[in-house]
1. Hey, what's the Cα Rg ratio for the range 1-40 versus the globular rule of thumb, 2.2 N^0.38 Å?
2. In whole Hz, with x marking every Gly and Pro, tabulate ³J(HN,Hα) for the range 67-84 from phi via Karplus 6.51 cos²θ - 1.76 cosθ + 1.60, θ = phi - 60°.
3. In Å and whole numbers, how far do the C-alpha atoms of the chain stretch along each principal axis, longest first?
4. Pop a pseudo-label 7 angstrom from the Cα along the beta-carbon direction at both S48 and Q12 and give the gap in nm to one decimal.
5. Taking the highest mean first, how do the peptides 62-68, 48-54 order by number of other beta carbon atoms within 10 angstrom per residue?
6. Roughly how many Å² is the accessible area per residue of the chain, as a whole number, for a 1.4 Å probe?
7. What's the magnitude of the charge dipole for the chain around its Cα centre, counting Lys and Arg as +1 and Asp and Glu as -1 at the beta-carbon? Answer in Debye, nearest 20.
8. Using a 1.4 angstrom probe on heavy atoms only, work out the carbon and sulfur share of the accessible area of the chain in %.
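The values are calculated or read from the model by the stated rules, or taken from the named source; none is laboratory data. Please read all numbers here as calculations on a predicted model, not as lab measurements. Cβ placement follows ideal geometry from the backbone for every residue including glycine, while neighbour counts extend to all protein chains displayed. Heads up: the accessible areas ignore ligands, DNA and RNA and are worked out on the full protein's heavy atoms, side chains in. Shrake-Rupley method; radii C 1.70, N 1.55, O 1.52, S 1.80 Å.
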Amino acid sequence: REVRDSVEKLRQLPVLTERGAQIQLGDVAEIRIDDGPPMLKSENARLSGWVYVDIRDRDLSSAVHEMQEVVAREVKLPAAYSIT
């Protein structure tokens, strides 16, 4: 914890090369604070994104069934992506 709260400490983290030499992470990576998403979500060790839907005046079962049909027909996913 104390390391990840300091950019300088992150830069100084030791990294072993394939030849067994020890270098610092800052020697091979640019480490900086930058704007990004407020939180990364993961499930089963895979990054995940969520879509929230507000359903009104429909029963949940038929709405979900219709959305699944449309997504299966219209959405083409690249390799390593999935929908659940």
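1. 1.37
2. Working through the residues one at a time gives 5, 4, 5, 5, 5, 4, 7, 9, 9, 10, 9, x, 4, 6, 9, 8, 10, 9 Hz.
3. 61, 28, 20
4. Inter-label distance under the simple model: 3.8 nm.
5. Ranking the peptides 62-68, 48-54 by packing returns 62-68, 48-54.
6. 98 Å²
7. Value, rounded to 20: 260 debye.
8. Roughly 52 percent of what the probe reaches on the chain is carbon or sulfur.
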